[in-house]
Number of protein chains: 2
Amino acid sequence: MSRAKKNRAESIDPQSIPKAVVNRLSLYLRELQHVVRSGRETTSSSRLGSRLGFTDAQVRKDLAYFGQFGHPGVGYRCQELIEAIRRILGTDLGWPVALIGVGNLGRALLGYRGFNRQGFRITAAFDVEQAKVGAQIEGVEVYHLDQLEQVLLKHAIRVAVITVPATAAQEVADRLVDCGIEGVVNFAPVTISLPDSVSLVGVDLAIELEQITFSVVNRTNSR
Amino acid sequence: MSRAKKNRAESIDPQSIPKAVVNRLSLYLRELQHVVRSGRETTSSSRLGSRLGFTDAQVRKDLAYFGQFGHPGVGYRCQELIEAIRRILGTDLGWPVALIGVGNLGRALLGYRGFNRQGFRITAAFDVEQAKVGAQIEGVEVYHLDQLEQVLLKHAIRVAVITVPATAAQEVADRLVDCGIEGVVNFAPVTISLPDSVSLVGVDLAIELEQITFSVVNRTNSR
């Protein structure tokens with residue numbers, strides 16, 4: 001355990017790695033998983049890049065932050081690179097996740113297959129509505145928010161997903177921080193603030209639609 | 001109308017603009033909206049950048065793709081820059097959106113306030129389950145997928161959101177293309193293929209969690 005930790009720390013200086021590179025690691029991982037499912041065992045930086053719209057140089061440069069993964073005359077061995085990227089992202093460890101807010105979005109995420117596939121398991125859900133507390137949704141127990149601290153401890157949960165209404169998001173985030181949470185993904189459509197010691201990613205589901213309208217509008221005009 | 005289109009086309013050469021820049025425009029827009037809600041009328045590239053973790057030079061360079069927005073001695077007038085960015089992204093036009101797949105995720109998106117706020121209105125929902133067809137959810141009518149073409153035409157819908165199970169996503173996407181859709185946001189946890197003439201963004205909700213675990217793992221090791 002301590003040896004694995006040491007290898008991890010030796011191979012990465014996280015301060016030197018741009019966020020966009022880490023984001024692209026996730027995309028490479030998805031594409032490699034897709035290649036493996038389609039029955040191939042190896043791939044190349046140009047194949048990997050072309051499916052995702054990046055140059056082969058970009059792919060090689062991104063991966064070079066973390067080590068040397070290609071084999072001469074072979075390219076990348078998919079399964080080997082999948083395991084390396086999962087180790088870099090930390091998802092090989094398997095993460096129990098808390099979900100706060102069992103509305104429609106919370107329920108959707110409880111049933112979202114894409115989490116399990118990548119090494120995340122929503123282990124406990126929380127809400128303040130008594131009618132929801134004690135229910136099992138998609139096999140996950142719903143607790144009252146007042147039980148947050150003890151349940152996080154019991155399941156060794158270090159990361160949480162916020163799916164409460166925008167008006168409650170900051171208060172919930174503060175409670176998570178008080179309970180020692182280390183990372184938060186916020187799906188509520190509002191910006192929240194956390195101490196620098198806690199990792200935070202805000203998800204804004206309208207951004208993807210804006211990227212689409214940008215390209216539709218400009219595609220139309222260029223005809 | 002034609003004059004507005006002309007201005008749009010003159011000011012932007014979309015081929016020359018990296019996707020990451022367009023993505024950051026959305027982030028600037030959110031932050032500017034936040035500044036306005038907090039009661040301030042102007043901001044600067046360094047203020048705008050610091051809240052988002054970018055340098056002021058990055059902010060200025062990104063915006064320079066689209067024109068000159070700062071005022072000497074003032075900085076950015078927030079409302080003016082908000083309107084400019086919405087015009088660039090095309091969201092000032094107001095977009096009716098079709099949603100395909102009224103499961104948990106579909107229902108969540110039908111109630112997601114973040115869409116309306118940015119100029120999107122889900123106008124029609126589709127499913128293949130007869131029990132859902134004819135229902136009104138969050139004020140949106142659910143049609144059978146067989147009515148896709150006529151409903152898209154009737155409401156002049158050019159962009160769609162896919163929230164069906166992974167196994168049905170490609171088939172639904174193909175049907176949307178046959179009906180003349182111009183842009184698709186795919187929330188199904190699977191990669192789909194579309195002709196180059198149709199804009200496509202895939203949303204993978206696990207990617208944000210991976211970014212969190214990367215920083216939690218590396219933060220822990222660096223202690």
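The values are calculated or read from the model by the stated rules, or taken from the named source; none is laboratory data. This is a predicted model, so every value here is computed, not measured. Here the Cβ is made from the backbone with ideal geometry for all residues, glycine too, and neighbour counts use every protein chain on show. Areas reflect the complete protein model, heavy atoms only, side chains present, ligands, DNA and RNA absent. Shrake-Rupley method; radii C 1.70, N 1.55, O 1.52, S 1.80 Å.
Shielding value for B:162-170 is 1, the average number of Cβ atoms from other chains within 10 Å of each residue's Cβ. If you model segment A:40-160 as an ellipsoid using its alpha carbon gyration tensor, with each semi-axis the square root of five times an eigenvalue, the axes come out at 40, 15, 11 Å, biggest first. Principal-axis analysis of the Cα atoms of chain B puts helix B:2-11 at an angle of about 60° to the longest axis.
For B:Glu141, the residues whose modelled amide H falls within less than 5 Å of its own, excluding neighbours fewer than 5 places apart on the same chain, are B:Ala125.
The modelled label-to-label distance for the pair B:Ser197/B:Arg60, using points 7 Å beyond Cα in the direction of Cβ, is 4.4 nm.
Solvent-accessible surface of the protein assembly as shown, averaged per residue with a 1.4 angstrom probe and all protein chains in place: 48 square angstrom. When A and B come together, around 6200 square angstrom of accessible surface is lost from both chains combined, probe 1.4 Å.
As a check on your grasp of the helix formula, calculate [θ] at 222 nm for chain B: sum -39500 (n - 2.57) over DSSP H runs of n ≥ 4, divide by the residue count, round to the nearest 500.
Values: 10 runs with 106 residues, N = 223.
Taking each H run of at least 4 residues, the total per residue is -14000 deg cm²/dmol.
The rotation axis bringing chain A onto chain B passes closest to the chain A residue reported with its distance as A:Ala108, 2, by C-beta distance in whole Å. Position B:Gly111: other-copy label points at 1.3 nm, ordered by increasing distance, label point 7 Å along Cα→C-beta. Net length available on complete extension from B:Glu83 to B:Ser38 is 14.4 nm, with 0.36 nm assigned per residue and the Cα-Cα distance removed.
Label point of B:His144 (7 Å along Cα→beta-carbon): distances to the other copies' equivalent points are 4.8 nm, sorted ascending. The C-alpha atoms of chain B define a longest principal axis, and helix B:78-89 lies at about 40 degrees to it. Estimated from the Cβ-Cβ distance and a Förster radius of 45 angstrom, the FRET efficiency linking A:Glu149 and B:Ala156 is about 0.30.
Magnitude of the charge dipole for segment B:26-178, about its Cα centre and with charges confined to Cβ atoms of Lys, Arg (+1) and Asp, Glu (-1), is about 780 debye.
Would you work out what percent of the accessible area of the protein assembly as shown, with all protein chains in place, is carbon or sulfur (probe 1.4 Å)? Please list the in-between numbers first.
On the way: 10380 of 21270 Å².
Summing carbon and sulfur atoms, their accessible area is 49 percent of the total for the protein assembly as shown.
Could you tell me which of rounded, prolate or oblate describes the protein assembly as shown, using a ≥ b ≥ c as the square roots of the eigenvalues of the alpha-carbon gyration tensor, with rounded for a/c under 1.5 and, failing that, prolate when a/b is larger than b/c and oblate otherwise?
Numbers: a/c = 1.23, a/b = 1.14, b/c = 1.07.
Since a/c stays below 1.5, the shape of the protein assembly as shown is classed as rounded.
The eigenvalues of the Cα gyration tensor, multiplied by 5 and square-rooted, give segment B:94-207 an equivalent ellipsoid with semi-axes of 18, 16, 15 Å from largest to smallest.
Each listed q (0.12, 0.14, 0.25 Å⁻¹) maps to a log10 I(q)/I(0) for segment A:55-117 from the Debye sum over equal C-alpha point scatterers, namely -0.50, -0.61, -1.08.
Summarise the partner chain shielding of B:112-121 as one whole number: the mean count of Cβ atoms from other chains within 10 Å of each residue's Cβ.
Numbers: counts 6, 6, 11, 4, 2, 4, 8, 4, 6, 0.
Rounded to a whole number, the mean comes out at 5.
A probe of 1.4 angstrom, applied to the heavy atoms of all protein chains, finds A:Cys179 with accessible area near 40 square angstrom. For B:Pro96, the point set 7 Å out from Cα toward Cβ sits 4.9 nm from its twins in the other copies, listed from shortest up.
Using the alpha carbons of chain A, what is the convex hull volume per residue in cubic angstrom, as a whole number? It is 172 Å³ per residue.
Averaging Cα coordinates gives a centre for segment A:166-223 and one for segment B:166-223; these two points are 16 Å apart.
Other protein chain C-beta atoms within 10 Å of residue C-beta, averaged over B:150-161: 1.
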